[in-house]
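**Student:** Here it is, the structure, as structure tokens.
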Amino acid sequence: MESNDELVDNMIKAMELLKSGDPALNKLASYLYKADDKLCEYLDKLKIYIELETPKSKQTQEAGKLLEQIVLLLFKGLKGVQSLKSFQSAGRQYDLLVSGDDIDWKVVCKTLYIEWENRNIVIEAKATKAPLEDKQFARLCSIIEHNLRGAGLGIFVTLNGASGFPKRNSIRQRAVSDCRLRQIVFHARTNKIVVVLEKEDLFELTKNGTLIEVLTRKIRDLSELSGLPTTPVEQFHEIDLPAHLKTLYPSES
């Protein structure tokens, strides 16, 4: 009789045969991220910092290191990770560069709409209270396009999102500007992706599968441009329908 690990491995091998976007692939995606047991402890520390009204300079520096630790705990939980690097390159500081070369990582890439030849993921952690500015977003786009040519996905891990992106509980956004506009133009020009995680997203990532679900929703919204923030992972279905259609959709209860 197969153990649970052997069963999961066989499922992942089957996933590799599916095409990107296949519904069957999405159903199995939760096996591609295992939440670290220490993640809740570090998120509790981050919550203490977030609740500070006027943090001191030293506290902000410590929060930056803490956010980088959280980033490492998150991305080492992806199935198939073989390379985790944080280093100072020639003129560039990379908070985290993540990649792999085997079949497990290939399935992760397929699930996240990443081309295999661009299978690296580069992550920037920003613990500032203010939303990310366009010049910071532009910097990461430039790194992906000119320095890390093998990266197909860039991720900002922030506290309060990025300028121009829809906010939680806001009305539908009908125009794009700032970082959101740059995200769209960069994707159209290079077919590469940059997404933003904020504090609300981070606190959802303590369960297996959630990182994959959040990233997939944010990546898919880049092509849909719904004008709304991505649906929280506890909502299994993403329902965005006008009233005359929503009445026909069965209630989750």
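**Student:** Run the numbers for K167 and C40: contour at 0.36 nm per residue of separation, minus the present Cα-Cα distance, in nm. Before the final figure, lay out each step's value.
**Tutor:** Working: separation 127, 0.36 × 127 = 45.72 nm, distance 2.43 nm.
So the chain would gain 43.3 nm between K167 and C40.
**Student:** Also, I was wondering about something else. Accessible area of the range 24-115 with a 1.4 Å probe: how many percent of it is carbon plus sulfur?
**Tutor:** On the way: 2440 of 5050 Å².
Summing carbon and sulfur atoms, their accessible area is 48 percent of the total for the range 24-115.
**Student:** Do you know the relative contact order of the range 123-229, to the nearest whole percent, from alpha carbon pairs under 8 angstrom that are 6+ apart?
**Tutor:** Working: 143 pairs, mean separation 32.4, N = 107.
Once divided by the residue count of the range 123-229, the mean separation gives 30 percent.
**Student:** What is the percent carbon and sulfur in the accessible area of the range 133-212, measuring with a 1.4 Å probe over the protein chains and ignoring ligands? All intermediate terms of the calculation are to be shown ahead of the outcome.
**Tutor:** On the way: 1730 of 3570 Å².
So the carbon and sulfur contribution to the accessible surface is 48 percent.
**Student:** Using only the Cα atoms of the range 97-175, each taken as one equal point scatterer with no solvent, compute I(q) by the Debye sum, divide by I(0), and report log10 of the ratio at q = 0.10, 0.13, 0.21, 0.23 Å⁻¹.
**Tutor:** Debye intensities relative to I(0), on a log10 scale: -0.31, -0.51, -0.98, -1.05.
**Student:** Return one whole number: the accessible area per residue of the range 127-246 in Å², for a 1.4 Å probe. Numbers along the way, then the final one.
**Tutor:** Values: 5780 Å² over 120 residues.
Solvent-accessible surface per residue comes out at 48 Å².
**Student:** Moving on. Which pairs break 25 Å Cα to Cα here: K106/K167; K167/K207; K79/K129; K47/K207; K135/K218?
**Tutor:** Working: K106/K167 32 Å; K167/K207 23 Å; K79/K129 32 Å; K47/K207 18 Å; K135/K218 21 Å.
Pairs exceeding the cut-off: K106/K167; K79/K129.
**Student:** Compute the relative contact order of the range 27-91 as a whole-number percentage, counting only Cα pairs closer than 8 Å that sit 6 or more residues apart in sequence.
**Tutor:** On the way: 30 pairs, mean separation 32.7, N = 65.
Worked out over the range 27-91, it gives 50 percent.
The values are calculated or read from the model by the stated rules, or taken from the named source; none is laboratory data. Small disclaimer: the values here were computed from a predicted structure and weren't measured. Side chains are part of the model used for accessible areas, which takes the heavy atoms of the whole protein and leaves out ligands, DNA and RNA. Shrake-Rupley method; radii C 1.70, N 1.55, O 1.52, S 1.80 Å.
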